[in-house]
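Notes to accompany the following structure.
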Ligand SMILES: [Fe+2]
């Protein structure tokens, strides 16, 4: 017994010694493209000439094809022309393509991650992907279909996490535990992409009256 | 049963980000934050499966020279101009656990402080043998290594006479999307660190210190290349002594 206690204390000391704070964030800066989308940045042929995350689906991917277009704007409505947007989402059945997904095996033809630079003229972005299935919240309740977004750029000191919900999933959105948590209808609307003839339109406001809801996850 | 459930729950949740340790969204001395900083506090959520999972990048996606900026953009037989350095270290989580098999991306200016980028018009010349980007995947101990030339400081428009200290940008994935982080690495002894408004967005000196690499004479290769050590920490999972005993780690 005493031995167990000693061992336990020893282990705690070791753990304490190794414990460290998270490395602090720094802005991605205006040249983030060189590291994250080098082909877009003009480094022709770098890493085989295809930027990671630029293509999310192929002919074998299962699920409904959707196009998400969007734009990032700052607090005075100026487009963010030098940023990157990443998305991470479940497959058509609501499963993530990751070994830490314990609920089943995801579609092997869908990685679930995409990355695009914002357009250098108008701050827009486009993702060709599939509509994700539903995923449970921490308490087991089903969430409405949604996609995780992450934004990094010059002037953003810590990457911003948000979510995009689908404008044609009214019923599921109404019951969504995270949207309910936000409460304020005006703020909830900042997370809902409008259905358009082309797909879905998602505008992200970094600041201002229509500031998008960002999350501490 | 109840204990098991608690354990699973706790094990799968990330420790909350310390937003006093990270730079705040609005930093008056760094003008670009003025209109790009959200004014609402972020909404706190429980971790969901989307946060504890993340994209997996296999070794098959990474070329043998991707980590080597000395040669990964150079013409055959050529090498980038500048001080030859290697940067190496460990990627761990806040609990000290090695994070293995994950992607690290890095980018930087050349030895003269010029980026290979359409928006960079600094008068220092480009180096035809230097692209300025690289990537690698951490090994089973969370270790990584890159080779490059030491980046030069450069001036930037921020209302005054501001110069960035020599730095390398790092993009880190970790295992869960909630660990996603972009940061910068600085070099021990650089007098520009203390003067930089971007460094100064971080309020705690100890936090800044975490981003400063140390000269590493032990790993310096004689007559070849100097080494710098830079360890990186990503968020750890929520953990209690009780849980550790159950997990036996
Ligand atoms: Fe930089």
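The values are calculated or read from the model by the stated rules, or taken from the named source; none is laboratory data. The shown structure was predicted, so the numbers you read here are calculated from the model rather than taken from an experiment. Note that we place each Cβ from the backbone using ideal geometry, even for glycine, and neighbour counts take in every protein chain shown.
Among residues that are touching a residue at least 12 places away in the same chain (Cβ under 8 Å), within 16 Å of the ligand (Cβ to nearest atom) and surrounded by fewer than 18 Cβ atoms within 10 Å (Cβ to Cβ), residue B:126 is included. Residue B:158 passes every criterion in (1) within 12 Å of chain A (Cβ to nearest Cβ); (2) in contact with a strand residue (DSSP E or B) (Cβ under 7 Å, 6 or more places away or on another chain) apart from (2). Scanning the range A:86-101 for residues that are more than 8 Å from chain B (Cβ to nearest Cβ) and surrounded by fewer than 19 Cβ atoms within 10 Å (Cβ to Cβ) turns up A:92, A:93. Is there a residue being within 17 Å of residue A:26 (Cβ to Cβ), surrounded by fewer than 22 Cβ atoms within 10 Å (Cβ to Cβ) and either in contact with a strand residue (DSSP E or B) (Cβ under 9 Å, 6 or more places away or on another chain) or touching a residue at least 40 places away in the same chain (Cβ under 8 Å) (or both) anywhere in the range B:139-146? The answer is no, given that none of the residues of the range B:139-146 is within 17 Å of residue A:26 (Cβ to Cβ), surrounded by fewer than 22 Cβ atoms within 10 Å (Cβ to Cβ) and either in contact with a strand residue (DSSP E or B) (Cβ under 9 Å, 6 or more places away or on another chain) or touching a residue at least 40 places away in the same chain (Cβ under 8 Å) (or both). Of all the residues in the range A:155-193, those that are closer than 19 Å to residue A:73 by Cβ and more than 18 Å from the chain's Cα centre (by Cα) number 3. Please tell me if residue B:87 is touching a strand residue (DSSP E or B) at 6+ places or on another chain (Cβ under 6 Å) and within 16 Å of the ligand (Cβ to nearest atom). For residue B:87, the condition - touching a strand residue (DSSP E or B) at 6+ places or on another chain (Cβ under 6 Å) and within 16 Å of the ligand (Cβ to nearest atom) - is met.
Highlighted here are the helices (runs of 4 or more DSSP H) found entirely within the range A:146-190 that include at least 1 residues which are touching a helix residue (DSSP H, G or I) at 6+ places or on another chain (Cβ under 9 Å), surrounded by fewer than 23 Cβ atoms within 10 Å (Cβ to Cβ) and at the interface with chain B (Cβ under 10 Å from one of its Cβ atoms): A:177-182.
Would you check if residue B:152 is closer than 22 Å to residue B:72 by Cα, touching a helix residue (DSSP H, G or I) at 6+ places or on another chain (Cβ under 7 Å) and within 13 Å of the ligand (Cβ to nearest atom)? No; evaluated as a whole, the condition is false for this residue. Of the residues in the range B:206-220, none is within 11 Å of chain A (Cβ to nearest Cβ), in contact (Cβ under 8 Å) with a residue 60 or more places away in the chain and in a loop (DSSP other than H, G, I, E, B).
Going by what's in this entry, would residue B:178 be described as at pLDDT 95 or above, buried (at least 19 other Cβ atoms within 10 Å of the Cβ) and closer than 30 Å to residue A:90 by Cα? Answer is yes for this residue. Inspect the range A:104-117 for any residue being closer than 22 Å to residue B:36 by Cα, out of contact with any helix residue (DSSP H, G or I) (no Cβ under 8 Å at 6 or more places or on another chain) and surrounded by 19 or more Cβ atoms within 10 Å (Cβ to Cβ) and give the result as yes or no. Yes, the range A:104-117 contains a residue that is closer than 22 Å to residue B:36 by Cα, out of contact with any helix residue (DSSP H, G or I) (no Cβ under 8 Å at 6 or more places or on another chain) and surrounded by 19 or more Cβ atoms within 10 Å (Cβ to Cβ).
Of all residues in the range B:181-191, those satisfying the criterion of being farther than 20 Å from residue B:93 by Cα and either at pLDDT below 95 or away from the ligand (no atom under 12 Å from the Cβ) (or both) are B:187, B:188, B:189, B:190, B:191.
A count restricted to the range B:136-149 and to residues that are more than 16 Å from the chain's Cα centre (by Cα) and within 15 Å of the ligand (Cβ to nearest atom) stands at 1. For the range B:221-238, filtering for residues that are in a loop (DSSP other than H, G, I, E, B) and either within 14 Å of another protein chain (Cβ to nearest Cβ) or touching a residue at least 12 places away in the same chain (Cβ under 8 Å) (or both) leaves 6.
Identify, from the list B:160, B:63, the residue that is within 21 Å of the chain's Cα centre (by Cα), more than 14 Å from the ligand (Cβ to nearest atom), free of Cβ contacts under 8 Å to residues at least 40 places away in the same chain and part of a loop (DSSP other than H, G, I, E, B). Among B:160, B:63, only B:63 is within 21 Å of the chain's Cα centre (by Cα), more than 14 Å from the ligand (Cβ to nearest atom), free of Cβ contacts under 8 Å to residues at least 40 places away in the same chain and part of a loop (DSSP other than H, G, I, E, B).
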